[in-house]
Amino acid sequence: MQKKNYVQEILDIIHSGLPEAEMAERLSDYHENDIADALAGLTAAERQKLYAILGVDQVAEIFSYLDDAEPYLKELPSEKAASVVSHMDSDDAVDALDDLEEEDKAKIVHQLDKDAADDVKMLLSYPDDEIGSCMTTNYICIRSDMSVRQAMSELVKQAGENDNISTLYVVDENEHFYGAIDLKDLIIARADEPLEKLIVRSYPTITDHEKISDCIDRIVDYAERSLPVVDENGRLLGIITSADVVELVDDEMGDDYAKLGGLTSEEDLNEGVFQSVKKRLPWLIALLFLGMLVSSVVGAFESVVAVLPIVICFQSMVLDMAGNVGTQSLAVTIRVLVDENLTTAKKLHLLWKEMRVGLVNGALLAVMALGFLGCYIHFFKAYAWGQAFLLSGCVGVSLVVAMVISSLVGTIIPMLFHKIHIDPAVASGPLITTINDLVAVVVYYGLAMVVLIDLFHLG
């Protein structure tokens, strides 16, 4: 079955010249996300006409799905832009405003309606790495002293403005979080049944100033459609929805990937050159000095290269395999360290396991190197069989030793970082690779000098 191109269908409807009422009716069959994707295929004049046809409520919903709302908001007069933002969920509104320059943002915020302005200002007051910055005020809230009938009436009343209705959040007379009610339980409850009976009191909560990186796994583990966000006194401030969780997980993965590349945070496509340089330069400076150390060590083995030049042919293979193994161990360790209850015994077990994995992998690759490289050196480099297999054996043993040590380094460094309360992801791939390069160089050239030259007098 051929996948439908909804964006093209939307563009065809807009360009069809249909009466506005009929066009609005046709477009109502499409998801707002597809309409948002279609905006890039329209001219500014066509977009303005579309906004007028759809109305501010639907336009606000469409803008919620834009990855970058800035160019579209800037096309609108500030009053109309403020009206659109006012009709967006508070977290979506903040995301849209974050794309704007400070002057344009301030102008729109100043023209928001009071409720929207209060919500937006509250969310903007939180740092980007705190839960409070990505919560929404789009939820149903009822009082604990209501009856079932009153709660149902309040649900109907608030549902006109809030569409996150699958879970109702309950507060006491002081606006403190009291518990939660599943919508289904409220619907099937008898009118004379006590509301208290429906309330789940031990419902999980998140505090507004918690770091996203610290609680994201806990949020995912609960697998709820939404979770309440409270302040330090237990007052209900907002909720985190499942859609927010997906976005947070994506952002965290992006940040971790950036850190593994030696960056302080994920780079944006539109980020300036200076900001990108600022993120990359600190690690590059550190790695420069480590690289100089590696080079100086290689230089110390010039006599080996002078006597036996062929050893340099296999240097990159040994170094690359050591780096690859170290990076694999790093990734596994970072994933395991997410568990805050990880005991010392379990950490030692992980360390021992990774070293054994490195040993087994190294041994298997060493056997392959012994055979294949031995034949290669004999047939293509014209060495005698005995000399060829001595050289390939040296490479094989170097692989085993380097891979075991690399597994150790790739595991123990993130553990040490975690111990001193530094994000283990910043024990980045480049750092691990550079350290393992140093180890591999010493092992490989050391073996070549001691075994091949001093012991068997090759060269």
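Computed from the coordinates by the stated procedures, all read-outs in this text should not be read as laboratory data. Given the structure is predicted, the values throughout are model-derived calculations rather than measurements. Neighbour counts run over all protein chains shown; Cβ positions are idealised from the backbone, glycine included.
Some observations on this one:
- When the Cα positions of V230, I181, A151 are compared along the charge dipole of segment 140-260, A151 comes out farthest toward the positive end, with charges on each C-beta of Lys, Arg, Asp and Glu.
- Against the chain, whose longest principal axis comes from its Cα atoms, helix 148-159 is set at around 70 degrees.
- Ordering V56, V120, A21 by Cα displacement along the dipole of the chain toward the positive end leaves V120 in first place; charges were set at the Cβ atoms of Lys, Arg (+1) and Asp, Glu (-1).
- With distances taken between every two different alpha-carbon atoms, segment 20-88 has a Kirkwood hydrodynamic radius of 12.1 Å.
- Sequence-separation-based contact order of segment 273-455, relative, with Cα cut under 8 Å and 6+ spacing, percent: 36
- Once the Cα gyration tensor of segment 323-385 is diagonalised, semi-axes √(5λ) in Å: 39, 11, 6
- Protection proxy ranking of 77-90, 210-223 - average other beta-carbon atoms within 10 Å, highest first: 77-90, 210-223
- Sites matching GluC sites (Glu not before Pro) across segment 136-180 that sit in DSSP coil, with at most 12 neighbouring C-beta atoms within 10 Å: E161, E173
- Square roots of five times the Cα gyration tensor eigenvalues for segment 370-459, Å: 36, 12, 9
- Under a model in which nothing but the beta-carbon of Lys, Arg (+1) and Asp, Glu (-1) is charged, the chain shows a dipole of about 3060 debye around its Cα centre.
- Pairwise Cα inverse-distance average, inverted: Kirkwood Rh of segment 313-418 (Å): 14.7
- Folded to 0 to 90 degrees: helix 242-260 orientation relative to the chain principal axis, Cα: 30
- Only Lys, Arg (+1) and Asp, Glu (-1) charged, at Cβ; segment 140-260 dipole about Cα centre in debye: 580
- Averaging 1/r over every pair of different alpha carbons in the chain and inverting the result gives a Kirkwood radius of 27.2 Å.
- Alpha-carbon Rg with Dmax, taken over segment 273-455, Å: 18.4, 58
- Over 18 Å (Cα to Cα) - which of K105/K211; K278/K419; K74/K105 fall in this group: K105/K211; K278/K419
- Both radii were evaluated on the Cα set of segment 6-125; the Rg over Rh quotient, with Rh as the Kirkwood radius, amounts to 0.98.
- Each Lys and Arg adds +1 at its Cβ and each Asp and Glu adds -1 at its Cβ; summed about the Cα centre, segment 6-125 shows a dipole of about 460 debye.
- Partner lysines whose Cα lies under 21 Å from the Cα of K184, excluding those fewer than 8 positions away in the same chain, are identified as K157, K197.
- P(r), alpha carbons of segment 129-244 - 10 Å bins starting at zero, rounded %: 14, 47, 31, 8, 0
- Ranking N5, V401, A286 by how far each Cα lies toward the positive end of the dipole of the chain (charges on Cβ) leaves V401 at the top.
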